[in-house]
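Peer 1: Can you keep this structure in mind? I'll have questions shortly.
What follows is calculated from the coordinates using simple rules that are stated; it is not laboratory data. From a predicted model like this one, the values you see are computed outputs, not experimental measurements. Positions of Cβ are backbone-derived with ideal geometry, glycine not excepted, and every protein chain shown enters the neighbour counts.
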Amino acid sequence: PKELASREWALQRRLDDVLAKLGEKYGDLTGRVEVKIRPDVPFTHIGGLQEAKTTLQGFTVALVNPELYRQWGVTPPKGVLLYGPPGTGKSLLAKALATSAEAIFYHLKLMNLTSKFGPNTGEILQEILTIAVREGRAVVFLDEADALALEHLLPPPQAREASARLVAALAEKLDSLEEFSRIIVVAATNRIDAMDSSLVAPGRLDRLIEVPLPEPSAQQEILDLLKARAERDAGRRLFADLDYGIILPPMGGMSGAEISEIVRRALESKVHKAGAGEDPGPVTAHDLLNEIDGYRRIRGVVDKIRYGQYL
Ligand code: ADP
């Protein structure tokens, strides 16, 4: 573990250096690529998404034993595109693939990188992928991949031209990756319409996986996971027996991230009560309903802040 920590530190430094150097070159500040040498999000920590989990888990073998692909006369995937609304578990899925393959996890937030480096982001992606190939077995996660369209930076005609260059650089790098290089690029977007079709061409991000909003049964699974995690962390029971029959209907259409926010708020209001010297009692279905109500009222504002503005 100590050795891993120092390796992770050194790798993080190298990535920061690359960005700092390119930042200087283009006269701009540095962005950040986060790296985890041993990510620890097992597929069992993800609720619902049965199909997506099964497909991604299947790709573990492409990282661990790509030779098996050869034995069956097919080539292992180089890239996956996860698409679906925000907060539905796309990052979790990418991390879970890295976890199950014991691969290094690189998290690149493209909205952030493109905002700073614009069309030159292509060069950065190439350099990072080169480092990743050298370091061995990896999942390179391109979060907010629709930002490659540069629509948030430039007016449409310029955006199209600049984005084409950027996408070409990424595509070129994907094409040059060896078939058995043990790297999988996982891109995520909630705007499939803004993705360049050349990126999903064969040999590139050619495995498309939908990550939909959770059905009620998946929402219940997510709630149970969040509950169990909080109780594990606290080392005691925190929740009363919950009547899902009354909680799930008003939660219709909420993502995993939103459910997690509701659970967090319910626990936090217990903290506040305890802080005021009251005995708060366990979290009940009624408490959750209150939080759902409160959250629905501010949801529009949260969305605007989180997804409506880029810089
Ligand atoms: P996305 O990448 O699709 O925007 P994330 O994977 O970052 O969403 O999810 C954000 C947070 O929401 C997670 O860290 C987790 O707490 C919660 N979450 C979202 N979807 C799920 C899910 N299917 N199962 C468990 N937790 C989830």
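Peer 1: With a cap of 10 neighbouring Cβ atoms within 10 Å, and only residues DSSP puts in a loop, list the chymotrypsin sites (Phe, Trp or Tyr not before Pro) found in segment 33-142.
Peer 2: Details: sites: 43, 59, 69, 72, 83, 105, 106, 117, 141; in loops: 59, 72.
Here the sparse-neighbourhood loop sites are 72.
Peer 1: Once you wrap a convex hull around the alpha carbon atoms of segment 6-122, what is its projected area averaged over all directions, in nm²?
Peer 2: If you wrap the Cα atoms of segment 6-122 in a convex hull and average its projections, you get 9.0 nm².
Peer 1: Kindly express, to the nearest 10 degrees and within the range 0 to 90, the angle between helix 285-303's C-alpha long axis and the longest C-alpha principal axis of the chain.
Peer 2: It works out to around 40 degrees.
Peer 1: Name the residues whose placed amide hydrogens come within less than 5 Å of the amide hydrogen of residue 186, ignoring near sequence neighbours (fewer than 5 apart) on the same chain.
Peer 2: 80, 140, 141, 142
Peer 1: Determine the principal axes of the Cα atoms in segment 215-256, then give the extent along each, sorted from largest to smallest and rounded to whole angstroms.
Peer 2: 31, 18, 12
Peer 1: Tell me, what is the percent relative contact order of the chain, built from C-alpha pairs under 8 Å that lie six or more residues apart? Please report the intermediate quantities before stating the final value.
Peer 2: Working: 484 pairs, mean separation 64.7, N = 311.
Over the chain, the number comes to 21 percent.
Peer 1: Hey, another quick one. Cα-based Rg of segment 95-187 per 2.2 N^0.38 Å, rounded to two decimals?
Peer 2: Here the answer is 1.10, to two decimals.
Peer 1: Now, a different point. Round to the nearest 10 and give me the degree value, 0 to 90, for the angle of helix 121-135's Cα axis relative to the longest principal axis of the chain.
Peer 2: Approximately 90 degrees, to the nearest ten.
Peer 1: Cross-chain or 8 or more residues apart, Cα under 22 Å: how many lysine pairs in segment 1-106 fit that? Count them up, please.
Peer 2: Qualifying lysine pairs in segment 1-106: 12.
Peer 1: Here is a further query. Compute the long axis of helix 256-275 from its Cα atoms, compare it with the longest principal axis of the Cα atoms of the chain, and write down the angle in degrees, 0 to 90, nearest 10.
Peer 2: Rounded to the nearest ten degrees, it is 50.
Peer 1: Here is a follow-up. State which stretch of the chain is the longest one without any exposed trypsin sites (Lys or Arg not before Pro), exposure meaning a DSSP loop state and at most 12 other Cβ atoms within 10 Å.
Peer 2: Result for the longest clean stretch: 1-235.
Peer 1: In whole percent, what relative contact order does segment 23-162 give with Cα contacts below 8 Å and a gap of six or more residues?
Peer 2: 31
Peer 1: Going by Cα centres, segment 111-140 and segment 175-192 are how many Å apart?
Peer 2: About 12 Å separates the Cα centre of segment 111-140 from the one of segment 175-192.
Peer 1: Also, I was wondering about something else. Name the residue, out of 286, 152, 107, whose mean-square fluctuation peaks in a Gaussian network model built on the chain with Cα pairs under 10 Å.
Peer 2: 286
Peer 1: Here is a further query. Provide the net charge surrounding residue 54, with neighbours chosen by a C-beta distance below 14 Å and charges set as Lys +1, Arg +1, Asp -1, Glu -1.
Peer 2: With Lys, Arg at +1 and Asp, Glu at -1, the neighbours total 0.
Peer 1: What area, in nm² and to one decimal, does the C-alpha convex hull of the chain cast on average over all directions? Walk me through the intermediate numbers first.
Peer 2: Details: hull surface 73.5 nm².
For the chain, the mean projected area of the Cα convex hull comes to 18.4 nm².
Peer 1: Taking the convex hull of the alpha carbon atoms in segment 117-157, what volume per residue do you get, in Å³?
Peer 2: Normalising the Cα hull of segment 117-157 by residue number yields 67 Å³.
Peer 1: So if I take the alpha carbon set of segment 142-262, get Rg, then get Rh from the Kirkwood formula, what is the Rg over Rh ratio?
Peer 2: Ratio of gyration radius to Kirkwood radius: 1.14.
Peer 1: Of 125, 219, 80, which is farthest along the charge dipole of the chain in the positive direction, counting Lys and Arg as +1 and Asp and Glu as -1 at C-beta?
Peer 2: 125
Peer 1: Which ³J(HN,Hα) values, rounded to whole Hz and listed in residue order, are derived for segment 213-230 from phi using the Karplus coefficients 6.51, -1.76 and 1.60 in 6.51 cos²θ - 1.76 cosθ + 1.60 with θ = phi - 60°, glycine and proline given as x?
Peer 2: 5, x, 5, x, 5, 6, 4, 5, 4, 4, 4, 4, 5, 5, 4, 4, 5, 4
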